[in-house]
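Student: My questions will all concern the structure given below.
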Amino acid sequence: MFYIDKIKSKKILKSTLIQGAEVFFTTKESFIKTKDNNYKDITKENKSDICSYLKIKEEYLISPKQTHSDNIAFANTLGEYPDTDALILENPNFAIYLNYADCTPVVLYDKKNNIGAVIHAGWRGSAKSIAAKTLDKMNSNPKDVQALIGPCICFNCFETGAEAIKALEETIEKKEGLFCKKEEKLFADLKGINAQQLKEKGVTDIDICPFCTFCNNDLFFSYRKENKTTNRISAVLKLIS
């Protein structure tokens with residue numbers, strides 16, 4: 001179950017599912033990623049607060065350069081992670097985060113081996129099964145893995161084209177209830193599709209966030225609703241040693 005918590009009086013979103021690692025999603029109050037100079041000081045302050053909360057130095061908070069790919073990397077060292085849309089974390093001294101504004105955040109945690117991953121799954125990443133591929137790369141037993149599907153654009157708001165629908169349909173065997181057509185418009189459930197990809201890999205412990213970035217725009221940023229905003233929410237993961 002997802003619930004609102006706070007860091008320094010600023011809202012974050014958590015789930016009761018994962019207890020073995022520190023996992024949360026930032027909001028419009030606690031966001032740490034922007035290209036807008038008007039918000040640089042706010043994100044700098046928020047990042048400092050989050051690192052204090054995680055008890056790490058700021059340079060140990062790692063984020064890749066996202067490109068809507070299905071490229072996956074292990075965050076074993078400090079430095080650049082170009083062209084990467086999923087990071088796997090094994091080192092409890094580091095923390096990782098990826099950024100979103102309608103795309104689907106997916107967090108995986110192997111409770112037996114204390115390994116985690118954060119995944120950026122927009123429709124392109126979802127169509128490449130990036131969450132399932134990350135699970136494979138973790139080399140975890142799916143029965144040991146807990147998954148969070150974070151706040152993103154919901155089924156009713158994600159109108160898309162026939163090309164995207166076809167590509168997404170091809171990633172899963174069970175498609176019922178995940179696609180629809182209303183008044184000649186096509187819609188897809190990105191949360192449900194990512195969850196189904198993981199289920200078909202054997203993951204059974206999945207918590208799906210009820211919030212929509214478009215509908216709940218007071219709490220989260222939406223690329224579609226906010227005229228291509230460069231502000232982002234983030235999914236943050238730190239292992240507990």
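Just so you know, all these numbers are worked out from the coordinates, no wet-lab data involved. Note that the structure is predicted; figures quoted are calculated from it, not measured. Methodologically, a virtual Cβ is constructed for each residue, glycine included, from the backbone with ideal geometry; neighbour enumeration extends over all protein chains shown.
Student: Write out the cysteines belonging to the chain for which the nearest other cysteine Cβ is not under 4.7 Å, or none if no such cysteine exists.
Tutor: For the chain, the answer is CYS51, CYS103, CYS152, CYS157, CYS180, CYS209, because their Cβ atoms have no other cysteine Cβ under 4.7 Å.
Student: For a 23 Å ceiling on Cα separation, which of these pairs sit above it: LYS181/LYS201; LYS175/LYS199; LYS111/LYS175? Could you put the intermediate results ahead of the total?
Tutor: On the way: LYS181/LYS201 28 Å; LYS175/LYS199 12 Å; LYS111/LYS175 29 Å.
Check vs 23 Å cut-off fails for LYS181/LYS201; LYS111/LYS175.
Student: Quick one: THR213, THR230, fewest Cβ neighbours within 10 Å first, how do they rank?
Tutor: Details: THR213 28, THR230 14.
Taking fewest neighbouring Cβ atoms as first place, the list is THR230, THR213.
Student: In terms of Cα to Cα distance under 14 Å, which aspartates and glutamates are near enough to LYS185, apart from those fewer than 8 places away along the same chain?
Tutor: Cross-link targets: GLU159, GLU163.
Student: List the GluC sites (Glu not before Pro) in region 148-191 that DSSP assigns to loop (not H, G, I, E or B) and whose Cβ has at most 16 other Cβ atoms within 10 Å. Which are they?
Tutor: Values: sites: GLU159, GLU163, GLU169, GLU170, GLU173, GLU176, GLU183, GLU184; in loops: GLU170, GLU173, GLU176, GLU183, GLU184.
Loop-located and lightly packed - GLU170, GLU173, GLU176, GLU183, GLU184.
Student: Also, quick follow-up: Quick check on my link table: of LYS143/LYS238; LYS10/LYS47; LYS11/LYS143; LYS133/LYS225; LYS8/LYS28; LYS14/LYS137, which ones sit more than 23 Å apart, alpha carbon to alpha carbon?
Tutor: Details: LYS143/LYS238 21 Å; LYS10/LYS47 12 Å; LYS11/LYS143 31 Å; LYS133/LYS225 30 Å; LYS8/LYS28 14 Å; LYS14/LYS137 25 Å.
Checking Cα-Cα distances, LYS11/LYS143; LYS133/LYS225; LYS14/LYS137 exceed 23 Å.
Student: Can you bin the chain into rounded, prolate or oblate? Criterion: square roots of the alpha carbon gyration tensor eigenvalues sorted a ≥ b ≥ c, rounded for a/c under 1.5, prolate for a/b above b/c, oblate for the rest.
Tutor: Values: a/c = 1.67, a/b = 1.20, b/c = 1.39.
Oblate is the answer for the chain, as a/c is 1.5 or above yet b/c matches or exceeds a/b.
Student: Using a cut-off of 17 Å between alpha-carbon atoms, which aspartates and glutamates can reach LYS166, once sequence neighbours fewer than 8 places away in the same chain are excluded?
Tutor: Those aspartates and glutamates meeting the cut-off are GLU176, GLU184, ASP189.
Student: Then there is this: Starting with the fewest neighbours, write out ASP110, ASP218 ranked by other beta-carbon atoms found within 10 Å of each beta-carbon.
Tutor: Details: ASP110 22, ASP218 7.
Sorted ascending by nearby Cβ count, the order is ASP218, ASP110.
Student: Can you compute the FRET efficiency between ILE4 and GLU173 using 1/(1 + (r/R0)^6), with r the Cβ-Cβ distance and R0 = 22 Å? Round to the nearest 0.05.
Tutor: Details: r = 35 Å, r/R0 = 1.61.
After rounding to 0.05, the efficiency reads 0.05.
Student: Let me spell out the model: positive unit charges on the Cβ of Lys and Arg, negative unit charges on the Cβ of Asp and Glu, origin at the Cα centre of region 26-73. What dipole size does that give, in debye rounded to 20? Mind dumping the intermediate values first?
Tutor: Numbers: 9 positive and 8 negative charges, 13 e Å.
Around 60 debye, computed over region 26-73.
Student: Further question on the same structure: Defining a contact as two alpha carbons under 8 Å apart and six or more residues distant in sequence, what relative contact order in percent does the chain show?
Tutor: Values: 564 pairs, mean separation 61.3, N = 241.
25 percent.
Student: If you don't mind, there's one more thing I want to ask. Taking the number of other C-beta atoms within 10 Å as the exposure measure, put THR204, THR34 in order starting with the fewest.
Tutor: Going from sparsest to densest Cβ surroundings: THR204, THR34.
Student: Let me ask you something else. For the pair PHE74 and LYS166, what calculated FRET efficiency results from E = 1/(1 + (r/R0)^6), where r is the Cβ-Cβ distance and R0 = 25 Å, to the nearest 0.05?
Tutor: Values: r = 32 Å, r/R0 = 1.28.
For R0 = 25 Å, the calculated efficiency reads 0.20.
Student: Could you tell me which residue out of CYS51, VAL106, VAL118 lies farthest along the dipole of region 2-235 toward its positive end? Charges go on the beta carbon: Lys and Arg +1, Asp and Glu -1, centred on the Cα centre.
Tutor: Working it through, the farthest residue towards the positive pole turns out to be CYS51.
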